Amino acid sequence: PVLRNISFSAVPGIITAIVGPTGCGKSTLVSLLTRLFDPDAGDITIDGISLRQIDVEDLRANVSIALQENVLFGMTVRDNIRYVVPDATDDDVMAAAHVACADDYIQSLPEGLDTMLGDRGGRLSTGQRQRLSIARALVRDAPILILDEPTAALDAETEHDVLQRLAAWGKGRAIFLITHRISTIQQADQILYIDQGAILERGSHSQLMAIDKGHYRQFVETEARLMANAKPEAAS
């Protein structure tokens, strides 16, 4: 088994960060939530209802996902954002773009929402593509949102703005973050540190950092050292 004795609750209105080393079971946990497969033991419930009792299409219509790989198409900015909600209005599209901090640069494009993108969004920077992917997930207005490394390509200021807007947008919704980026994790209300298929620690950033020789604290300190060592190489 990949996961063992995993048990937690995610209350609407809070952001839950799922953190841990590669191969610890983060992606498996999300796959269970979206019913790509069912658990061999135990159960996952939404409002007390087992996922097994919910039609798969109904479940996935209420879950929105933004992956680390930004999949964009050779169509307008508008159609890229509303790809899964083709009847979304321009107001809906721009409201989602605002939360994703994409509205300003969209308005600065030659034709705004009508600007044609190349395959994979070739006319945009990596950070701009990432914000469009977030906007696409948000425009569905789903009650459950899963973001996989949502701010990996964003600068610190833009990342802060996106997370602040997400927190405000997410009132009444359950948001899950899968990330290694410490500045992103710190914004979460609940952090689950997973390793070897089990939740070893849970709490807020400050609570977990207060644990002497804690797993999460060691994770943060290791990531900080790696970032510090990488900076001189990036500048050269």
Shape descriptors of the range 133-222 over alpha-carbon atoms, Rg and Dmax in angstrom, are 13.8, 42
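Antiparallel versus total DSSP beta bridges in the range 125-236: what percent is that, nearest 5?
Working: 5 of 10 bridges.
If I count the DSSP bridges inside the range 125-236, around 50 percent turn out antiparallel.
Once you have a ≥ b ≥ c as the square roots of the Cα gyration tensor eigenvalues for the range 97-178, tell me rounded if a/c is under 1.5, and otherwise prolate or oblate according to whether a/b is larger than b/c.
Working: a/c = 1.81, a/b = 1.65, b/c = 1.10.
Prolate, because a/c is 1.5 or more and a/b exceeds b/c.
I'd like the FRET efficiency for residue 221 and residue 22, computed as 1/(1 + (r/R0)^6) with the beta carbon distance as r and R0 of 22 Å, rounded to 0.05. Spell out each step's value before the answer.
Numbers: r = 18 Å, r/R0 = 0.80.
Once rounded, the FRET efficiency stands at 0.80.
I'd like the projected area of the range 27-130, averaged over all directions, using the convex hull of its alpha carbons. Report it in nm² with one decimal.
Numbers: hull surface 32.1 nm².
Reported value for the Cα convex hull: 8.0 nm².
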If I take every Cα pair under 8 Å that is 6 or more residues apart in the chain, average their sequence separation and divide by the length, what percent do I get for the relative contact order?
31 percent
For the residue pair residue 11 and residue 67, what label-to-label distance in nm results when each label sits 7 Å from Cα along the Cα-to-beta-carbon direction?
3.4 nm
Per 5 Å bin, what is the whole-percent P(r) computed from every C-alpha pair distance within the chain?
1, 6, 13, 17, 18, 16, 13, 9, 5, 2, 0, 0
For a Förster distance of 30 Å, can you work out the FRET efficiency between the beta-carbons of residue 183 and residue 31, rounded to the nearest 0.05?
0.70
Picking from 100, 48, 24, whose Cα lies most toward the positive end of the charge dipole for the range 1-151 (charges on Cβ: Lys, Arg +1; Asp, Glu -1)?
24
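For the range 18-75, what class follows from the C-alpha gyration tensor (a ≥ b ≥ c being the square roots of its eigenvalues): rounded when a/c is under 1.5, otherwise prolate if a/b is larger than b/c, else oblate? Please report the intermediate quantities before stating the final value.
Numbers: a/c = 2.66, a/b = 1.26, b/c = 2.10.
Oblate is the answer for the range 18-75, as a/c is 1.5 or above yet b/c matches or exceeds a/b.
To the nearest 20 debye, what charge dipole does the range 108-147 have about its Cα centre, counting +1 at the Cβ of each Lys and Arg and -1 at the Cβ of each Asp and Glu? Display every interim value, and only then the final one.
Numbers: 6 positive and 4 negative charges, 38 e Å.
That gives the range 108-147 a dipole magnitude of about 180 debye.
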Would you mind computing, in nm to one decimal, how far apart the modelled labels at residue 210 and residue 56 are, each placed 7 Å from Cα along Cα→Cβ?
4.5 nm
Nearest 500 deg cm²/dmol is fine: what mean residue ellipticity at 222 nm does the chain get from its DSSP H runs of n ≥ 4 alone, each adding -39,500 (n - 2.57), divided by its residue count?
-11000 deg cm²/dmol
For the range 160-215, the percent of accessible surface on carbon and sulfur atoms (probe 1.4 angstrom, ligands and nucleic acids excluded) is 47 percent
Under unit Cβ charges (Lys, Arg +1; Asp, Glu -1), what dipole magnitude, rounded to 20 debye, does the chain have relative to its Cα centre?
540 debye
Of all beta bridges DSSP finds with both residues in the chain, what is the antiparallel percent, to the nearest 5?
30 percent
How far apart, in nanometres, would the label points at residue 41 and residue 230 be if each is projected 7 angstrom from Cα along the Cα-to-Cβ direction?
3.8 nm
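The values are calculated or read from the model by the stated rules, or taken from the named source; none is laboratory data. Here the structure is a predicted model, which means the values were calculated and not measured. All Cβ positions, even for glycine, are placed from backbone atoms using ideal geometry, and neighbour counts span all protein chains on display. All accessible areas refer to the heavy atoms of the entire protein, side chains included, with ligands and DNA or RNA removed. Shrake-Rupley method; radii C 1.70, N 1.55, O 1.52, S 1.80 Å.
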